[in-house]
Amino acid sequence: MNLSEQDELLSATFAEFAAAAAPSVRPQGAEAARLEVAHRRRLKTVSLGVLAVLALAVPATAYVAFGRTAHGPPRPPSTAGPTVEPSAAPTDGPTPAPQVPDGGPCAPGKEPTVPPGAVSGAELCSATLTLPAWQGKPCTTTRAALTYGQMYIAESFHLNLLSAIAADVDGDGRAETIAVFSCGGEVFEQQAIAFRRARDGGIEVMGRVLASVAPIQGMWAVQPIAGGRLRITVTDYGLFVGQHVWTGQQQERTYGWDGQKFVQVAGPTSFPPNPHLGDLALSAPDLAFSAPNGPTRTASYTLTAGNLGPANVPGFVVVQVPSFIGLVSPPAGCEVEDYPAGVREIHCRLPVIRAGTSASLTLTLTAPANAPSLPVDFVPTAFIQIPEADSAGSGPDGFDDPVWENNRTDGLRITYK
Amino acid sequence: MAEAQRSFDELYAAGFQGLTLQLYAYLGDLAEAQDVVQEAFCRAFARWQNISQYSEPVAWVRRVAWNLATSRFRRQKTVTNFLRRQRPERVEEPSPDRVALVRALATVPPRHRQAVVLHYMAQLSVAEIAAQEGVAEGTVKSWLSRGRAALAERLAGAKES
């Protein structure tokens, strides 16, 4: 079959498929989407509210805050839900008009009191700046041309000015401005940057105070304290969209200007192991069936889930196989679910796996003697799943598994003797 | 009705069915495809103030829906679906003709399958698929070429048998 014939066959087949399946599609409706988003926002308000109270509980000292986010947590993107990181490749196309913010340091109507010589929040909100380099993915741009404290980079991908405060960090009697920027989309990076007035009257970067470089995943608040120092609340988890904010550990670290750069002068320098993070790693071989014995072949198939994290976690394993493969004498906790596309899924709940140990699961599988040798998508997967949890697989009691790459084994084959 | 709400409703009405059919072909499960597309529209509505300004909001929803379908979300939702299906309600079983294509697609590696579905159902060009997936056009050409050949062979074989 040549290319043209292939093209014709596929076009016709997909058109028939779409026409036949369309009447079966039953949208939940736009109203259902709105209600679900409203529900998630209520949940998020509860969880973020706890952290905002914690941030505000820090004793205030004399300083000027340009934005209402200077004390509280940065505004994370608005979706709560399972951890997913859609790609954010820049795209060509018209740049949309900037949104007028209804809060934060660049909201209209804010007239902050600015100490003499300091860069005002209003200036920053519409400035063109060259920022210190971002530390890793996903942001690469250092040129910031801000409007209302925002810069469009690509669809769902922005640079945002989150907060700005003034403090005399070098003791020269003039206040500098410390601003927190985020850059990215569903995954983003933050920098706290100090700005000062340049000799020509413009704005120049004094230095980077802190970047959200692993293991620091984000900053909740920047606060000036005595001696021109800056106290920053940092977290090791939970600022990316879909991650659970309650999973992160918060610490207060203090930074000061040494005449050349900002250095940490007080507070912890590392995070202890996060007791809410798990890390399951699945080890699985090819699925090798024996030579036929009468009408069937058999295979004893063992998967091993290792717990590399600090906590004891409940495990869950999913194995997808073609539907002609059967499971004999399912082990306790195992169920089989058939899908219309000729795919069979075997789900097995593992007992709690203690930190530093592993759990093995052995399945006895059968296949017909004349089983076709198909290049199927055979990808065993293990993840943490609390029995009563929602679809996200975690909740206020943990456990997230941020290292997803080792939870599945790709490239496996089904072989027959 | 507020303007923003109407435009979201219009996007939903115009995009839901087509996206669901694409994901149905890819995933082989209509209920799961509907879940994924609904989730993508929820995420769009949560950011609607920004996304409504895009030149093609549906492209954002499509990218998110496909990311959800090919990601951890799907594996986790699998468990939810599994638990949900323990209840009596079941989705309607598809007809044999629909099963034939889905069954043939299931034998095509995921990336090749995705390229074929995006090209033949979403009517996307190689360049558009490359932009959505963040890969080189040559990579998409390879996926599409191999996926098309494998699928055509399977479909032709199924018709002959």
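Things to note:
- Neighbouring Cβ atoms from other chains, within 10 Å of the Cβ of residues in B:48-56, number 5 on average.
- Reduced Cα scattering model of the range A:200-306, Debye log10 I(q)/I(0), q = 0.11 Å⁻¹: -0.56
- Annotation for A:Ala154 and B:Ala156: the two label points, set 7 Å from Cα along the Cα-Cβ direction, are 3.8 nm apart.
- Among A:Asp172, A:Asp279, B:Asp35, the ranking by other beta carbons within 10 Å of each residue's beta carbon, starting with the fewest, stands as A:Asp172, A:Asp279, B:Asp35.
- If the chain linking A:Ser323 and A:Thr304 were pulled fully straight, counting 0.36 nm for each residue of separation and taking away their Cα-Cα distance, it would gain 4.5 nm.
- Where labels lie 7 Å past Cα in the beta-carbon direction, separation of A:Ala355 and B:Ala14 in nm: 5.3
- Shielding of peptide B:26-37 by partners, expressed as the average count of other chain Cβ atoms within 10 Å per residue Cβ, is 3.
- The mean count of C-beta atoms from other chains within 10 Å of the C-beta of residues in B:105-116, rounded to a whole number, is 3.
- Gain upon complete extension [A:Ala38, A:Ala107; 0.36 nm per residue less C-alpha separation]: 22.5 nm
- Footprinting exposure proxy for A:Glu176, B:Glu56, B:Glu153 (fewest neighbouring C-beta atoms within 10 Å first): B:Glu56, B:Glu153, A:Glu176
- Cα extents for the range A:254-319 along the principal axes, largest to smallest and rounded to whole angstrom: 82, 26, 13.
- Sum of side-chain charges, A:Ser283 neighbourhood, beta-carbon under 14 Å (Lys, Arg +1; Asp, Glu -1): -3
- Residue order, fewest to most surrounding Cβ atoms within 10 angstrom, among A:Lys417, B:Lys141: A:Lys417, B:Lys141
- For the range A:281-322 versus the range A:208-231, the gap between their alpha-carbon centres in whole angstrom: 46
- Counting every alpha-carbon pair across the range A:147-210, the share separated by more than 13 Å comes to 67%.
- FRET efficiency, B:Ser52 to A:Thr130 (Cβ-Cβ, R0 41 Å, nearest 0.05): 0.85
Quick note: the coordinates plus some simple rules give every number you see, no bench work behind them. Keep in mind that what you see is a predicted model, and the values were worked out from it rather than measured. As a convention, Cβ positions derive from the backbone with ideal geometry for all residues, glycine included, and neighbour counts pool all protein chains shown.
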